[in-house]
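> Following this message is one structure expressed as structure tokens.
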Amino acid sequence: MSLAGFNAFEYRGDTLHCEGVSLAAVADAVGTPAFVYSRKAIEAAYKAYDAALDGVDHLICYSVKANSSIGILNVLARLGAGADIVSGGELFRWLKAGGDAGKVVFSGVGKTEAEMRTALEAGILAFNVESTEEIDVLDRVARAAGVKARVALRVNPDVDAQTHPYISTGLTQNKFGIAAAAARDAFRHAASLANLDVRGIDCHIGSQLTKTSPFADAIARLCDLILSLAGEGIMITDLDIGGGLGIDYGKEGDAPPPSHGEYGAAVKQAMAKLGSHPIRLLVEPGRSIVGPAGVLLARVLYNKDNEVKHFTIIDAAMNDLIRPSFYGSHHPMTPVKKSETAPRKTDVVGPICETGDFLARDRALPPLATGALLAIGAAGAYSFTMSSNYNTRPRAVEVLVSGDRYTVIRERETLEHLVRGERTAE
Ligand code: LLP
């Protein structure tokens, strides 16, 4: 059966499973809250991009920020993926996970000189440079290191991604990239510097994109620039189009995101204007690779009613999954034990002392008694990576399922982990 927003998860008998593993059994063994991921779903999503871009020279650089646990990165590294990183920390994780440094692109508006040095030493594929000042700093750091830095310039194409304002990045009012009007001069300047090897052009217009047209518009603008730069002898051979598709969060009335096939066709069509210009396509999908592959498992602690509301109080909170309170995001929810009881509206909330600590509001769910397990879906991306220790809550355990086996890829934090490095003053 298909369960909206729960791509890799299905009921077997009356119990929700991830591949061949019962989520009730996982929760009993590792406790809750727990993130559980399907390896098969991650691999299938990666392969779907690969197939959709068949016929075009391409590299899939998984966007590490979506889920940076080493156990997840290792699955992607083994598939031959590259990585899109935004910090020295993400590079560290990627290399620890067995990832190839030569397939790493380094994005972000605020790279430090120390991060640049480390990335140059590791031999990354390219820096996605986001400002004219950064061009000069990178040239200086590369010169001091005695190497040439491979770079792409990130251009802000001024395209509306038609997504949540916090995750829309390709508009003039956003902090990202070099303004389209200044891009040509920036390329000329970068190409004139001895320690930069200018090979690429890059953009990222936003996340949770549910249409292909913003991608196509951005690509068309970048292709025009590639052709006109070629006219003045600046040969761009890497076209990086940033993050990937949005995903289905199971919200009633939301249009489903485009398929990988539709995405691939739109990308190829938009690139066709390059004609015989030699190009390699880079894509940096994050959410669509890991998002549908994960759930957050929580246990019900208490129920309570007042005159206007019913509350289901669970042991997961906004520190585990901040997306509902931060972006007003909808995550699908279903009981781990299938219930035939009629649903009622409830606010699903955590133990944190904030009114903003909710995972869902006015959600129709069957009554869930104390001890019942709830699965919160589409929680593989931007969920664990955005979690915190607010209210001194240890971060959750993470489990990777493969077939009928699972591995704890990150142990639950202990209270001792939380106070590590702290001391009192004299
Ligand atoms: N490349 C760059 C330069 C990015 O900034 C991002 C996401 C990606 C790639 C990956 O995009 P994706 O394929 O995942 O759409 N925390 C927010 C999402 C922030 C996205 C930031 N950048 C959320 O929970 O919705």
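> R0 = 45 Å: FRET efficiency of ASN303 with THR414, Cβ-based, nearest 0.05?
Given R0 = 45 Å and the Cβ-Cβ separation, E is 0.95.
> Still on this structure, I have one more. Restricting to DSSP H runs of at least four residues, report the calculated mean residue ellipticity at 222 nm for the chain, -39500 (n - 2.57) per run over all residues, nearest 500 deg cm²/dmol.
-8500 deg cm²/dmol
> Continuing with the same structure: Consider just the alpha-carbon atoms of the chain and return their Rg together with their Dmax, both in angstrom.
Computed over the Cα atoms of the chain, radius of gyration and Dmax are 22.7, 72 Å.
> Right, here's the next one. Accessible area per residue of region 1-106 at 1.4 Å probe, in Å²?
The answer is 35 Å² per residue.
> Explain nothing, just the number: dipole magnitude of region 102-174 about its Cα centre with +1 on each Lys and Arg Cβ and -1 on each Asp and Glu Cβ, in debye rounded to the nearest 20.
360
> Then there is this: Label ARG188 and HIS277 with points 7 Å out from Cα along Cα→Cβ: what is the distance between them in nm?
So the label points at ARG188 and HIS277 sit 1.8 nm apart.
> Related question: With a cut-off of at most 13 other beta carbons within 10 Å, and DSSP calling the residue loop, which trypsin sites (Lys or Arg not before Pro) in region 343-425 qualify? Please list them.
Loop-located and lightly packed - ARG420, ARG423.
> Something else now. Sort TYR390, TYR249 from largest to smallest accessible area, using a 1.4 Å probe on the heavy atoms of the protein chains.
My answer, sorted largest first, is TYR390, TYR249.
> What ranking do 258-264, 294-300 get when scored by the average of other Cβ atoms within 10 Å per residue, highest first?
294-300, 258-264
> Compute, for region 107-285, the length of the dipole vector about the Cα centre, with Cβ point charges of +1 (Lys, Arg) and -1 (Asp, Glu) only. Units Debye, rounded to 20.
For region 107-285, the charge dipole is close to 400 debye.
> Separate question: Per residue, how much accessible area does region 107-285 show when a 1.4 Å probe rolls over the protein heavy atoms, in square angstrom?
In whole numbers, region 107-285 has 42 Å² accessible per residue.
> Using the Cα centre of the chain as the reference point, and only Cβ charges (+1 on K/R, -1 on D/E), how large is the resulting charge dipole? Debye, rounded to the nearest 20.
Its charge dipole is roughly 420 debye.
> Would you mind getting me the FRET efficiency between LYS345 and HIS164? Use the beta-carbon distance for r and R0 = 22 Å, nearest 0.05.
0.35
> Would you rank SER87, SER383, SER402 by solvent-accessible area, highest first, keeping every protein chain in place and using a 1.4 Å probe?
Solvent-accessible surface, decreasing: SER402, SER87, SER383.
> Tell me, in nm to one decimal, what length is gained between GLU422 and GLU121 on full extension, where the rule is 0.36 nm per residue of separation less the Cα-Cα distance?
Taking GLU422 through GLU121 to full extension adds about 105.2 nm, to one decimal.
> Right, next: Under 8 Å for C-alpha pairs, at least 6 residues apart: give me the relative contact order for the chain, rounded to a whole percent.
20
> Give me the percent of accessible area attributable to carbon and sulfur for the chain, probe 1.4 angstrom.
Heavy-atom surface of the chain belonging to carbon and sulfur, 1.4 Å probe: 50 percent.
> For region 107-285, what does the equivalent ellipsoid look like in terms of its semi-axes, each the square root of 5 times an eigenvalue of the Cα gyration tensor, given largest first in whole Å?
29, 19, 14
> Along the charge dipole of region 268-426, which of ASN391, ILE352, PRO285 sits closest to the positive end, that is, farthest toward it, with unit charges on the beta carbon of Lys, Arg, Asp and Glu (+1, +1, -1, -1)?
PRO285
The values are calculated or read from the model by the stated rules, or taken from the named source; none is laboratory data. From a predicted model like this one, the values you see are computed outputs, not experimental measurements. Don't worry about glycine lacking a Cβ; one is built from the backbone with ideal geometry, like all the others, and counts go over all protein chains shown. The accessibility values were calculated without ligands, DNA or RNA, using every heavy atom of the protein model including side chains. Shrake-Rupley method; radii C 1.70, N 1.55, O 1.52, S 1.80 Å.
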